[in-house]
Amino acid sequence: MERLCEGARAALESGAPATAADLLERALAEPPRAEARVEVLRTTARAELLAGRALACQRLEEAIRSTEGRLHSILPHPGI
């Protein structure tokens, strides 16, 4: 998974977002460790957006949902 992400970073830097998106999709399929998943989803969304793919919004929404779950578990609840 880490090599796929490294390859995707290099592809983004060289102006090949479609290649980066493909590599990151493979990384998501492995799947990444829970603590790395949000970052992989965010980077995937960016690559897909730059590649003109409609999946970009879905990936970003998935990253937000994942983050919200963690925020609810660490933030104090109202009235406590």
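The values are calculated or read from the model by the stated rules, or taken from the named source; none is laboratory data. Predicted, not measured: the structure shown is a model, and the values here were computed from it. For accessibility, only protein heavy atoms count, side chains too; no ligands or nucleic acids. Shrake-Rupley method; radii C 1.70, N 1.55, O 1.52, S 1.80 Å.
Here are a few things to note about the model shown:
- Scope region 2-32; condition part of a helix (DSSP H, G or I) and open to solvent by 40 Å² or more (accessible area, probe 1.4 Å); matching residues: 2, 3, 6, 9, 10, 13, 18, 19, 22, 25, 26, 29
- Scanning region 33-53 for residues that are in a loop (DSSP other than H, G, I, E, B) and either β-branched (Val, Ile, Thr) or open to solvent by 90 Å² or more (accessible area, probe 1.4 Å) (or both) turns up just one, 33.
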